[in-house]
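The values are calculated or read from the model by the stated rules, or taken from the named source; none is laboratory data. Values in this document were obtained by computation on a predicted structure and should not be read as measured data. With ideal geometry, Cβ positions are generated from the backbone for all residues, glycine too; neighbour counts draw on all protein chains shown. Please note that ligands, DNA and RNA were not included when accessible areas were found on the heavy atoms of the full protein model with its side chains. Shrake-Rupley method; radii C 1.70, N 1.55, O 1.52, S 1.80 Å.
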Amino acid sequence: MISTESGGSSGGSSSEHGIKPFVNISVTDPVKMGTGVQSYISYRVITKSNSAEFEGPEKIVIRRFSDFEWLHDKLAEKFKGIFIPPLPEKSAVEKFRFSAEFIEMRRQALDVFINRIASHPELKQSEDLRTFLLEEEERMERIRSIETGLFSRKSDFLQIFKDVQTRVSDVVLGKEKPVEESDPDYEKLKYYISELENHLSETQKQAFRLVKRHRELGQSLLEFGKAMKLLGNCEGENIGKVFSEVGSKGEFLSLKLQKEAHNLLMNFEEPLKDYVRAVQSIKVTMTDRANAFKQHCELAEATKLKEIALDKLVLMHSERISEVELEYKELKAESEEATRRFEQIVELMNQELIRFQEEKTKEMGFVFLDFAKGQAKLANEIADAWRTVLPKLDSCSSTP
């Protein structure tokens, strides 16, 4: 759970009495609902706040994964240029989808997701976030079912058909040409993001192997401990006790390794995986920027051509001057709006990159610090455990 502090007055008594407004959000209590293919996990989303806009000091709603998806998609649609926090991936394997470990990993990732939104200076003001946090389940279900249909408006299908038709025509006629920015700084950024994704993915893959190795070593020590105890039962009283104690140490360390494997999974591998997803969300924003730039260029070119056509009609004293002049004005307005959207995305991305770098440095620093502390603690516990049996083993080996 992350505390989110508001910057200004919340229109209520908290700021008037000198109390700083806050919002605390937590995703808790995952519960399996339904049976068979219709089954899913529900979560309690608890919002605590002293802000008047949150309808009391505490609000509890039940949400499922598709509700989180709805929020993510609404923000991605409305906040172009902003890096939308990523959602955890779905598990396609049924036997893992409802395992305790997977459910806890998803709960933790959803908690991070919603708190990143609530702490973002722009996203936290979204009406969709407010809807997600405050609306009752039935109302939320109705909103989601209406807005997440295949085509939420009748015009959607026709527009998609027209877009595909135009694209096919362009490809067939050889008209389609890539329209890309030529900004050297942006090229460096794209290279950096690509490299960051590759290196983070590789680090996460090695973290997965570390988790696996800890689990395998823990299981091996457990089996070794059992074997040593059985061996001790077959030996004489003195050496038998020593062997049994070695076996007990093996079983003890097995528990330590299994515990550290779980800690590595939740607090090392999963945060790394989350940052891989975060970088991928940056790439989505880059795609939005590329599309906005393409539209800006295409409309600018179309406006230029329309202006040339209008000038010709003026020279010819054509009767179509008024009609084409109106088309030119509409196209020019649309072009200017496309330019504004592109420039806004560029400005927002620049701000987002600064924020991303600051958060990444801080959060990844904590992740690797906890990793190093955990490994050092485990190494000391392993050394201490074996050190306690050394004198007894040495005594056995030196007995004639």
Note on the range 33-103: alpha-carbon gyration tensor, axes a ≥ b ≥ c; rule is a/c under 1.5 for rounded, else prolate if a/b larger than b/c, else oblate; result oblate
Suppose R0 equals 30 Å; then what is the FRET efficiency for LEU326 and GLU180 from their Cβ-Cβ distance, rounded to the nearest 0.05?
-> 0.40
To the nearest Å², the heavy-atom accessible area per residue of the range 172-290 with 1.4 Å probe amounts to 57
Listed residues LEU331, HIS296, ILE308: farthest to the positive end of the dipole of the range 290-357 (Cβ charges) | HIS296
For the range 291-400, rounded, prolate or oblate, judged on the Cα gyration tensor with a ≥ b ≥ c (square roots of eigenvalues), a/c < 1.5 rounded, else prolate if a/b > b/c?
-> prolate
Could you work out the local net charge near GLY225, counting Lys and Arg as +1, Asp and Glu as -1, over the other residues with Cβ closer than 14 Å to its Cβ?
-> +1
The FRET efficiency for THR35 and GLU216, from their Cβ-Cβ distance with R0 = 45 Å and rounded to 0.05, is 0.85
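Counting other C-beta atoms within 10 Å, and keeping those with at most 14, which DSSP coil GluC sites (Glu not before Pro) do you find in the range 175-236?
GLU176, GLU180, GLU235
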Cα-Cα over 27 Å: which of LYS229/LYS256; LYS226/LYS256; LYS294/LYS329; LYS32/LYS80; LYS32/LYS360; LYS74/LYS329?
-> LYS32/LYS80; LYS32/LYS360; LYS74/LYS329
Sorted by chain and number, the residues with a modelled amide H under 5 Å from that of PHE22, at a separation of 5 or more or across chains, are SER6, ASN50, SER51
Enumerate the calculated ³J(HN,Hα) couplings along the range 256-270 in order (Karplus 6.51 cos²θ - 1.76 cosθ + 1.60, θ = phi - 60°), each rounded to whole Hz, writing x wherever the residue is Gly or Pro.
-> 4, 5, 5, 5, 5, 4, 5, 5, 4, 4, 6, 10, 10, 5, 5
Shape category assigned to the range 190-299 from the gyration tensor of Cα positions, a/c cut at 1.5 | prolate
Extended-chain gain in nm, criterion 0.36 nm per residue less alpha-carbon gap, HIS262 and ALA52 = 71.6 nm
Averaged per residue, what accessible surface does the range 322-400 expose to a 1.4 Å probe, in Å²?
-> 67
Once phi is turned into θ = phi - 60°, what whole-Hz ³J(HN,Hα) does the Karplus curve with 6.51, -1.76 and 1.60 give for every residue of the range 187-201, x standing for Gly and Pro?
-> 4, 5, 5, 4, 5, 4, 5, 4, 5, 4, 4, 4, 6, 5, 4
Expressed as a percent, the accessible surface of the range 212-290 that is carbon or sulfur, using a 1.4 Å probe and the full set of protein chains, is 58
With every protein chain kept in place and a 1.4 Å probe, the range 73-136 has an accessible area per residue in Å² of 46
Segment LYS392-SER145, length gained on full extension (0.36 nm per residue, minus Cα span) = 82.0 nm
Computed for the range 285-371: size of charge dipole around the Cα centre, +1 on C-beta of each Lys and Arg, -1 on C-beta of each Asp and Glu, debye to nearest 20, value 180
On the formula 1/(1 + (r/R0)^6), with r taken between the Cβ atoms of GLU337 and GLU138 and R0 of 35 Å, the FRET efficiency rounded to 0.05 is 0.35
